[in-house]
Every structure is written in C-alpha cells, then in structure tokens.
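Accompanying notes for the structure given below.
Laboratory data are not the source of any read-out in this text; all were calculated from the coordinates shown. Quick caveat, the model's predicted, so the values are computed rather than measured. Positions of Cβ are backbone-derived with ideal geometry, glycine not excepted, and every protein chain shown enters the neighbour counts.
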Amino acid sequence: MDADSPSHAASTKKIEEPRRKLKLGVAGMGRGFLVMQPTLALHPDINVVAGMDPRAEARQRFVQDFGAHSYESFEALCADADVDAVYIASPHQFHREQVQIAARYGRHMLVEKPMALTLDDCRAMTDAANAAGVCLIVGHSHGFDTPVSRTRQLIQSGAFGRLRMISALNYTDFLYRPRRREELQTQLGGGVIFSQGSHQIDVVRTIAGGRAASVRAYSGVWDPQRAAESAYSALLTFEDGAAASMVYSGNAHFDSDEFCGWVGETGKRKDQRSYGAARRLLNSMAPGEEDTLKRDRGYGGPKYIEPNFASSSNTPKVHHEHFGLLIASCDRADLRPGPRGIAIYDDEGVRFDQLEDPAVPRREVIDELYAAVIEEKKPIHSGEWGTANLEICLAILQSSRENREIPLLYQINAT
C-alpha cells in the first residue's frame, strides 16, 4: 500500500490520550463542603475518591453519594495512595496542622478560606507546602468568580484608563443563620470578618491587582447574644494610589441582593418573600436548640436536604456567583460586575458585557487547582495570596480596636 494513501494516513493518525482526572480527597463535610458539593459532583476533571469527617452519619452519606473511601482521621485520608490532592474544608483552627500533615504525605491542597487565624500559621502552612514541593491553593472565595476576573481583564486592557476607586457593599443575614458556638467567638474565627471579609477582600484585591498599603476600619459587635463582629466598614489603600471602600453587614435587615436583581450569592434566584426568615427562625428556638438544628441540617443529618444537580427544563437557572454590589471606577468608565455579566458605564453611555451562565458552579476553583497540579501552572490564590487576605482581616480588627490606620506588610501583586 502507498505510504501516502488516505487509508495509511488514517491508520497511523495519533489517538488523543484522554484528559487525566485529578483524584481528590475531602476533609470536613460541613458548610464549606456542602456549598462545594455541586462542583465536586459535576466537574469533569476530578474524581472524588476519598473523604474524612469525625461524624459517622456524614461518612456514610459520603460513601453513598460518591462511591468513595471514607476515613475518621485526616492522616488516614492523606495516607490513601489513591489521593492526589486534599480539599481541606474543616474548621479554621485545624488548617495549619492538616496542611502540614498533607505536605508530609506529598498531597496537594485546596484550603478553605480563611487560610488560618494567625499570620504565623499562614507562613508555616506555606513553608510546609513549598518544602514538600506541593501546591497550596486557598479557596473557595469569590475572587475566583468569572465576573470578577472579567472585570480585571477589562481594566487591564487599558480601554478605560487607570483604576481609581472600588466601592464594595454587601448586606446579608449571615450572623443570624444557625451557628455553632465557635462561629460566634472572634478568637475562634467567628463573626463576619474572617468568613465574609475573606471574600470581599479577595474580590477587591483581584480587581485592583496591586499591592494594598494600609487599612482604616470600623467593626462592630451589635448583639450581646451573638458576641462576634456582625459588621465592618473599611478603607483599603493601594500603593498605586487606588482605594477601595468595603462595607459588610450580616445583621439580617437590609438585603443587598436587591441591587443584584434578586439573584443570591450562589447565583440562584431568591424569593423576596423569605426576607427575615433567619431572624424569625432564630427567635422561635429554645435555648440550646440552635446547636441541634445546625447539626441536624448538616451533611448526612436527619434534616439534611439533598441537592438536585440534574439539569432539565424544570431546573432553576443558575447564574454566576457574586458578593454583593461592586463598582470599579476608572478614568473613563465605571464597571459593575454582577451574576449575569459586567455593566459598563462609559463616556458613550451604558452597555452590558454578558457572560454565559456556568454549567458547573464554582468551576473556577477546581480549574485553578487542576492547572496547578496537573499542568504545573502557577496558581493565583497561593499561600502567599491567602496570607495577604488574612493580614487585611486582622488589620480591620486591629484598626477598629486601636482607632488608627494599620500599615500592611505581607501584600503581593495579583498575577
């Protein structure tokens, strides 16, 4: 047969190798895991092969949902030779020890925000990952959201001139949802600054791109029955002269999703009639009942509600996630990212840069982890990035406590 004949070419054509999947272990099946569960179930580039939680009912449910191994201890999870990377979704205070264990076993890591509760812990975690030659990525946070990265791209294009100011605002019912006792104690990472400030700070730093320089802030504990910070207002300056005002309230009064077309933080439509439901539920509880409800609603608990991941004409549309109202002001335009795209208000008028709705929610988080581990690309949300976010959280608390501006020392540029 002629070597140049079509049949010979077809017979020698290279067959593409299937895309390698990342084998993921999950540590902790609390709220962070529950919100990431659709991503873990639907993302095409991962296989969830193992999970760990101290609760037997959670492990049993995990095996049922994912057909994976389950463990009671974190070290046993890391010792599983089938695991490439570990998603650490355990409470904040366990992050340092678990990262150090995972690094010893050579496992890559995705660590829920906040990365830790002290800068010393952040540095120890980053050093452990670097010494072991493994990736450490901090997330999920809303800095991963596609509308945020698209806004940054528009600013970097130079079409609107220099970024001058960012205004970010979010009002929710965060502090009045069922909480464990530790979630209402600042020293254990409770309140809005560690859990919610981590999101807003990440979004603002991603869009601004440069090094933050200082923070001047107010934070408040307004309810003695829930004695952790429920609100803050902070001015963040950058070395390039830009500034960002960040306001957050978790007091369950005004709902800023009104400014986002009544699309909630996770990209789903909200029922306005549910306004005030968190406070009403809390007020109806007897003493001690809150802890029980939080536990029973947890993964595998008797009041756990199984999510519907099926895609059909009856499935509600899911838009991009967001973290409240944000306006980025440049020399020649204001840019407002939202769950459907970016509104651009420039010298010529108003137009809309629409984004396709995501097929996999929070896909960007796993995309960054996959690119770092499998494709060896430098991640954006590294340990150093997570350390810089925590430094600002701590500076908000310090500035409010000491009534002064706090200089920042551990900031890095967005890559």
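Full extension of the segment from PHE254 to ASP127, taken as 0.36 nm per residue of separation minus the current Cα-Cα distance, would add 41.5 nm. The label point for ASP331 and the one for ARG351, both projected 7 Å from the Cα toward the Cβ, are 2.0 nm apart. For the chain, the relative contact order works out to 19 percent when only alpha carbon pairs closer than 8 Å and six or more residues apart are counted. Mean separation of Cα pairs under 8 Å and 6 or more residues apart, divided by the residue count, gives the stretch 143-356 a relative contact order of 28 percent. For the stretch 328-415, the Cα gyration tensor yields ellipsoid semi-axes of 29, 25, 12 Å (square root of five times each eigenvalue, largest first, whole Å). Please go through the residue pairs LYS270/LYS377; LYS23/LYS317; LYS270/LYS303 and name each one whose alpha carbons sit more than 31 Å apart in this structure. From LYS270/LYS377; LYS23/LYS317; LYS270/LYS303, over 31 Å: LYS270/LYS377.
As an equivalent ellipsoid, the stretch 37-83 spans semi-axes of 18, 14, 8 angstrom, where each value is the square root of five times an eigenvalue of the C-alpha gyration tensor, largest first. Here the calculated FRET efficiency for ARG211 and GLU75, from their Cβ-Cβ distance with R0 = 35 Å, stands at 0.40, rounded to the nearest 0.05. Each of VAL134, VAL111 was scored by other Cβ atoms within 10 Å of its Cβ. Arranged with the fewest first, they read VAL134, VAL111. Any idea how far apart LEU34 and ARG104 come out in nm if each label point goes 7 Å out from Cα toward Cβ? Between LEU34 and ARG104, the simple spin-label model gives 3.2 nm. The ellipsoid equivalent to the alpha-carbon distribution of the chain has semi-axes of 33, 29, 23 angstrom, derived from the gyration tensor eigenvalues as √(5λ) and listed largest first. The distance linking the stretch 146-183 with the stretch 91-114 is 26 Å (Cα centroid to Cα centroid, whole angstrom).
Look at where the Cα atoms of the stretch 373-415 and of the stretch 24-77 average out, and the two centres are 29 Å apart.
Per residue of the chain, what 222 nm ellipticity follows from adding -39500 (n - 2.57) for every DSSP H run with n ≥ 4, rounded to the nearest 500? Using -39500 (n - 2.57) per qualifying helix, the result is -9500 deg cm²/dmol.
Extending 7 Å from Cα along the Cβ direction at LYS378 and again at ALA41 yields two label points whose distance is 3.8 nm.
Sites listed here are trypsin sites (Lys or Arg not before Pro) in the stretch 106-198 whose DSSP assignment is loop and whose Cβ has at most 14 other Cβ atoms within 10 Å: ARG162. For the stretch 143-356, what D do you get in µm² per second when you plug the Kirkwood radius from alpha-carbon pairs into Stokes-Einstein at 10 °C and 1.306 mPa s? This corresponds to a translational diffusion coefficient of 84 µm²/s. Stretching ASP223 away from GLU289 to a fully extended chain increases their span by 21.9 nm, per 0.36 nm per residue minus the current alpha-carbon distance. Compute the label zone of GLN93 within the stretch 116-136: residues whose backbone N is under 18 Å from the point 7 Å along Cα-to-Cβ. Under 18 Å, as judged by backbone N against the label point of GLN93, lie 116-122 of the stretch 116-136.
Put one equal scatterer on each alpha carbon of the stretch 102-173, apply the Debye formula with no solvent term, and list log10 I(q)/I(0) at q = 0.24 1/Å to two decimals. Normalising to I(0) and taking log10 leaves -1.04.
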